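Below: the structure, in structure tokens.
Rule-based calculations on the coordinates, nothing more; no lab input. What you see is a predicted model; the values in this text were computed from it and never measured. Glycine gets a Cβ as well: all are built from the backbone with ideal geometry, and neighbour counts include every protein chain shown.
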Amino acid sequence: MAKYKMHMLVCGGTGCHASEGQMLFENLKKEVQDNNLENDVQVIATGCFGFCEKGPIVKVIPDNTFYVSVEPKDAKEIVAEHALKGRAVKRLLYFDPVRKEQIPDSKHMGFYKKQLRIALRNCGMIDPENINEYLAADGYEAMGKVLLEMTPEEAIKEVMDSGLRGRGGGGFPTGLKWQIASKNHADQKYVVCNADEGDPGAFMDRSILEGDPHTVLEAMVINGYAIGATKGLIYIRAEYPLAIHRLKIAIDQAREYGLLGTDILGSGFDFDVEIRYGAGAFVCGEETALIHSMEGERGEPTFKPPFPAQSGYLGKPTNVNNVETYANIPVIITKGAKWFSSIGTEKSKGTKVFALAGKINNVGLIEVPMGITLREVIFEIGGGIQGGKKFKAVQTGGPSGGCLTEKHLDTPIDFDNLLSVGSMMGSGGMIVMDEDDCMVAVAKFYLEFTVEESCGKCSPCRIGNKRLHEQLDIISKGNATEKDLDNLRNLSNVIKDTSLCGLGQTSPNPVLSTMDNFWDEYLAHVNEKRCPSGVCKDLIRYEVIAENCVGCTACARNCPVNCISGERKQLHVIDQALCIKCNACLEKCKFNAIAVI
Amino acid sequence: MTKIKSLADLKKMKSELQSQVALREKSETPEGRVLIRVGMGTSGIASGAKQIMEFLIDELEKRNIDAIVSQTGDMGYSYAEPTVEVTLPKQEPIVFGDVDQKKADDIIEKYIKNGELLDGIIPANYETIDKK
Ligand SMILES: Cc1cc2nc3c(=O)[nH]c(=O)nc-3n(C[C@H](O)[C@H](O)[C@H](O)COP(=O)(O)O)c2cc1C
Ligand code: SF4
Ligand code: SF4
Ligand code: SF4
Ligand code: FES
């Protein structure tokens with residue numbers, strides 16, 4: 001076997017794939033061959049590095065050189081310079097917008113410094129389509145250990161002692177869940193992996209499945225052995241074609257090696273996995289709805305109890321865990337509960353993967369130890385706010401979560417702390433907002449999503465959220481009174497208390513948390529009929545600032561409704577009656593002569 | 001593909017495959033390892049830097065030394081090539097010039113194993129990309 005001195009890891013995740021990653025990979029391989037380097041340089045397509053915004057990414061090992069926004073045509077130069085002459089191609093290095101310098105390797109990037117990768121350990125590290133790479137990286141060892149050296153009780157105890165809590169949103173202790181399922185006796189039990197991932201902007205689970213599908217399979221076998229189930233189902237949304245493709249390859253390879261199937265590793269234990277496809281409804285991520293959907297019924301939640309662990313898929317005891325939860329399991333088994341529980345806070349152990357997005361310099365997928373502060377995540381890993389603007393809020397927990405502010409920046413992130421400040425961990429969406437974001441509009445955005453995704457089975461959620469959305473709309477148009485704000489709060493509380501499932505029970509959170517933290521902003525909309533961030537269209541006007549206007553006509557030429565008049569070199573004027581507030585004039589004016597008022 | 005029938009089989013297979021990803025895993029955690037960079041400018045290659053690099057990789061592995069060997073561009077000492085830069089854990093890098101197989105062997109045995117300095121050290125005044 002060739003002994004490679006250099007590995008070129010090319011991102012093959014969805015984010016980079018979309019931007020010509022595949023062609024880049026092929027070009028690199030070809031260049032390596034053309035230069036007779038195929039015994040020295042190995043080119044591998046891996047999963048996501050988390051830095052998708054700047055993709056396609058190429059990382060060169062052993063020096064950890066990190067190339068960003070690489071185009072297929074750059075392959076020639078990378079091989080000629082880096083592989084042949086040992087010189088990094090400087091123009092492709094990451095340019096740090098804060099430090100204003102090029103960063104030579106991933107170890108020096110602020111984005112990676114505070115990250116700790118457990119669930120994502122193999123993403124960007126191994127070829128997810130090659131089981132041998134997974135085996136080389138300790139793959140299936142945890143499964144072997146559990147099946148041959150541990151009793152189911154011991155396996156459950158290890159997971160329990162690790163303190164791992166579910167990463168799908170609820171944060172329920174995983175070991176306890178397994179124990180409950182193990183104690184319910186039945187002729188058949190099921191293990192289900194929840195890969196529905198419906199939060200807007202979330203792609204944690206997709207990245208794990210694309211970058212390291214075997215880890216989920218391995219964990220499911222362990223889960224099956226622990227609770228006495230021989231069948232595993234993965235419920236994945238059909239819009240994840242690459243993840244599905246890689247999962248299928250992984251399942252086939254694991255079967256060929258006998259790592260799925262009968263008498264796994266001679267242990268006498270049988271287990272196999274099937275894929276089930278979801279149509280992409282947010283509510284189908286809720287475990288009872290998910291189970292009904294797999295049974296071929298409507299994907300609607302039902303009241304708990306009975307919990308799936310008692311009566312789940314086809315009425316049998318069923319253990320549902322999230323993708324990221326599973327990705328932690330093999331490491332917990334190999335490195336031990338003690339190691340895992342040494343990471344994190346008292347009641348939230350280990351790490352959490354977040355999809356960092358919004359007005360932040362480093363957008364991407366990160367994994368950080370629990371207990372890290374929002375400040376560290378936003379300003380160190382995230383590199384701070386884009387364009388040097390002012391931080392305003394960070395939304396965690398997606399449509400079920402809330403907006404946190406400046407005063408929460410030093411809160412250590414964990415399940416309980418986020419709940420106590422009116423947000424939640426959720427599945428790991430984290431959206432950063434700056435001074436240009438309007439909190440009423442943000443709340444409205446999430447309510448729009450909830451109204452769209454409500455299954456309609458219970459009225460507080462179906463009707464209540466619609467009313468909430470209407471109210472927010474009225475506020476954003478400047479037609480509400482302070483009394484309406486009271487109603488908004490009351491209705492929110494009723495929806496929370498009376499909805500059937502988690503969707504409705506948490507949907508008012510974006511409203512409540514923005515009201516709690518940005519009350520002044522609501523008052524400005526209501527009392528002054530003003531949107532302080534200049535977002536709500538009905539409350540703003542575009543005006544020409546007379547002192548600055550030089551009469552260049554750029555605005556008038558670009559206004560889609562021709563509502564700007566004025567002669568060359570004369571002051572221009574906007575006809576407010578016709579203006580549709582499209583922002584085009586403001587973007588085109590080079591003289592800062594258009595303002596939002 | 002043949003089936004993996006036991007835990008022993010699995011472990012055996014892993015040990016055979018491990019070298020595939022070992023370099024990547026090591027590079028993830030360079031701290032605490034010996035870092036070696038071989039100067040591979042055009043003159044470096046001509047003066048046998050590639051052979052020295054291969055020698056170092058093979059010998060370090062044989063002698064069970066936890067090191068990461070990489071290549072780097074021209075270090076700016078074309079008069080002394082091949083050049084080899086060694087960074088022991090928590091120490092400043094040291095550059096050796098005119099490294100042949102014998103000297104590479106000395107670097108491993110004397111400097112890396114025992115911290116003994118050898119002759120042929122070049123004062124570190126060069127600029128590498130890390131320093132910029
Ligand atoms: C509306 C709604 C949507 C949900 N969506 C997901 C999802 O996409 N993925 C997920 O793993 N869990 C989701 N959950 C949580 C699941 O019901 C369940 O708690 C979880 O899959 C259990 O796995 P865990 O304990 O490993 O987190 C959702 C819950 C609700 C109420
Ligand atoms: S709370 Fe909403 S999503 Fe949940 S069951 Fe009721 S209507 Fe359906
Ligand atoms: S905001 Fe749009 S519609 Fe209004 S004046 Fe400017 S360009 Fe015209
Ligand atoms: S683009 Fe600006 S400067 Fe030019 S005419 Fe319009 S407002 Fe005046
Ligand atoms: S998909 Fe390439 S870095 Fe995320």
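Things worth noting here:
- The listed residues are B:107, B:52, B:65, B:112, and the only one of them that is more than 27 Å from residue A:123 (Cα to Cα), assigned to a loop (DSSP other than H, G, I, E, B) and touching a strand residue (DSSP E or B) at 6+ places or on another chain (Cβ under 7 Å) turns out to be B:65.
- Enumeration of residues in segment A:266-291 that are surrounded by 24 or more Cβ atoms within 10 Å (Cβ to Cβ) and either within 10 Å of chain B (Cβ to nearest Cβ) or within 16 Å of ligand 4 (Cβ to nearest atom) (or both): none
The rows are residues; the columns are (1) away from ligand 5 (no atom under 16 Å from the Cβ); (2) more than 29 Å from residue A:436 (Cβ to Cβ); (3) buried (at least 20 other Cβ atoms within 10 Å of the Cβ).
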| site | (1), (2), (3) |
| --- | --- |
| A:450 | yes, no, yes |
| A:456 | yes, yes, no |
| A:461 | yes, yes, yes |
| A:467 | yes, no, no |
| A:473 | yes, no, no |
| A:493 | yes, yes, no |
| A:511 | yes, no, yes |
| A:515 | yes, no, yes |
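- Taking the criterion of being assigned to a loop (DSSP other than H, G, I, E, B) and away from chain B (no Cβ under 14 Å), the residues of segment A:1-24 that qualify are A:12, A:13, A:19, A:20.
- When residue A:406 is tested against (1) surrounded by 16 or more Cβ atoms within 10 Å (Cβ to Cβ); (2) farther than 30 Å from residue A:106 by Cβ, exactly one condition is not met: (1).
- Taking the criterion of being closer than 19 Å to residue A:313 by Cβ and in a helix (DSSP H, G or I), the residues of segment A:248-299 that qualify are A:251, A:283, A:284, A:285, A:287, A:288, A:289, A:290, A:291, A:292, A:293, A:294.
- Candidates A:36, A:27, filtered to the one that is away from chain B (no Cβ under 11 Å) and within 27 Å of residue B:67 (Cβ to Cβ): A:36
- When we screen A:571, A:586 for residues that are within 10 Å of ligand 4 (Cβ to nearest atom), farther than 20 Å from residue A:534 by Cβ and of a type in the set (A, V, I, L, M, F, W, C), the only hit is A:571.
- Meets criteria (within 16 Å of ligand 2 (Cβ to nearest atom) and either in a loop (DSSP other than H, G, I, E, B) or among the aliphatic types (A, V, I, L, M) (or both)) for residue A:495: yes
- All told, residue A:442 falls short of being away from ligand 4 (no atom under 16 Å from the Cβ), under 14 Å from residue A:506 (Cα atoms), part of a helix (DSSP H, G or I) and aliphatic (A, V, I, L, M).
- If only residues of segment A:153-190 that are in a helix (DSSP H, G or I), of a type outside the set (A, V, I, L, M) and closer than 19 Å to residue A:215 by Cα are counted, the one that is nearest to ligand 1 (Cβ to nearest atom) is A:174.
- Yes/no for residue A:61 being crowded, with 23+ Cβ neighbours inside 10 Å, touching a residue at least 40 places away in the same chain (Cβ under 8 Å) and more than 13 Å from ligand 5 (Cβ to nearest atom): yes
- Residue within segment A:520-540 that is near ligand 3 (Cβ under 8 Å from one of its atoms) and of a type in the set (Gly, Ala, Ser) present: no
- The number of residues in segment A:560-575 that are in a loop (DSSP other than H, G, I, E, B) and either within 16 Å of ligand 5 (Cβ to nearest atom) or touching a strand residue (DSSP E or B) at 6+ places or on another chain (Cβ under 8 Å) (or both) comes to 5.
- Checking each residue in segment A:350-409 for being on the phi > 0 side of the Ramachandran plot, away from ligand 1 (no atom under 16 Å from the Cβ) and part of a loop (DSSP other than H, G, I, E, B) picks out A:371, A:383, A:384.
- Subset of segment B:6-18 (residues that are facing chain A (nearest Cβ under 7 Å) and part of a helix (DSSP H, G or I)): B:7, B:10, B:13, B:14, B:17
- Against the conditions (1) under 21 Å from residue B:57 (Cα atoms); (2) over 31 Å from the mean Cα position of the chain (by Cα); (3) of a type outside the set (S, T, N, Q), residue A:80 satisfies every one except (1).
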